[in-house]
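Report on the following structure.
Laboratory data are not the source of any read-out in this text; all were calculated from the coordinates shown. Predicted model only: the values in this text are computed from it and were never measured. Methodologically, a virtual Cβ is constructed for each residue, glycine included, from the backbone with ideal geometry; neighbour enumeration extends over all protein chains shown.
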Amino acid sequence: VSNDNEHCGFDCFGSANRHTHSYKTKSGKIEITCGCFRGSIEEFEKQIKETHRGNEFERQYIAIVEVIKIKFGLK
């Protein structure tokens, strides 16, 4: 991460009140870390649906993903 505009974070969300951090890699991809998860934004969305389908934590994490997409110009 070369400057503050290339990362953002969210505290105390999800089933374990985790910190979710997103950043733009040198290759321009968006990567997410959340607890033991580390991967692309697409992989994170897939993991959310597998782990939290239909519950309040799915809604929280999907909202975070939407903000991340807006932040990095993906929407």
Legend entry - Å³ per residue enclosed by the Cα convex hull of segment 4-71: 77 Å³
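With n ≥ 4 as the cut-off for DSSP H runs, can you work out [θ] at 222 nm for the chain, using -39500 (n - 2.57) per run divided by the number of residues, rounded to the nearest 500? Display every interim value, and only then the final one.
Values: 2 runs with 28 residues, N = 75.
Result for the chain: -12000 deg cm²/dmol, rounded to the nearest 500.
For segment 4-71, what's the relative contact order in percent, using C-alpha pairs closer than 8 Å and at least 6 residues apart? Let's see the in-between values first.
Details: 79 pairs, mean separation 16.0, N = 68.
Reported as a whole number, the value is 24 percent.
Which FRET efficiency, nearest 0.05, do residue 63 and residue 43 yield, Cβ-Cβ r, R0 25 Å? Intermediate results must be reported in sequence, preceding the final value.
On the way: r = 18 Å, r/R0 = 0.72.
Here the calculated transfer efficiency is 0.90.
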Inset, instruction - Calculate how steeply helix 41-52 sits against the longest principal axis of the alpha-carbon atoms of the chain, using the helix alpha-carbon long axis, and give the answer as 0 to 90 degrees to the nearest 10. - result: 10 degrees
Legend entry - segment 42-58 and segment 8-37: distance between their alpha carbon centers, rounded to Å: 14 Å
Inset, instruction - Using a cut-off of 11 Å between beta-carbons, work out the net charge of the residues near residue 66 (Lys and Arg +1, Asp and Glu -1, residue 66 not included). - result: +3
Inset, instruction - Compute the long axis of helix 56-71 from its Cα atoms, compare it with the longest principal axis of the Cα atoms of the chain, and write down the angle in degrees, 0 to 90, nearest 10. - result: 10 degrees
Inset, instruction - With a Förster radius of 22 Å, plug the Cβ-Cβ distance of residue 51 and residue 11 into 1/(1 + (r/R0)^6) and report the FRET value to the nearest 0.05. - result: 0.70
Legend entry - Candidate lysines - alpha carbon under 25 Å from residue 49, same-chain residues fewer than 8 apart omitted: 24, 29, 69, 71, 75
Legend entry - Neighbourhood charge, 11 Å Cβ-Cβ cut-off, centred on residue 25 and excluding it, Lys, Arg +1 and Asp, Glu -1: +1
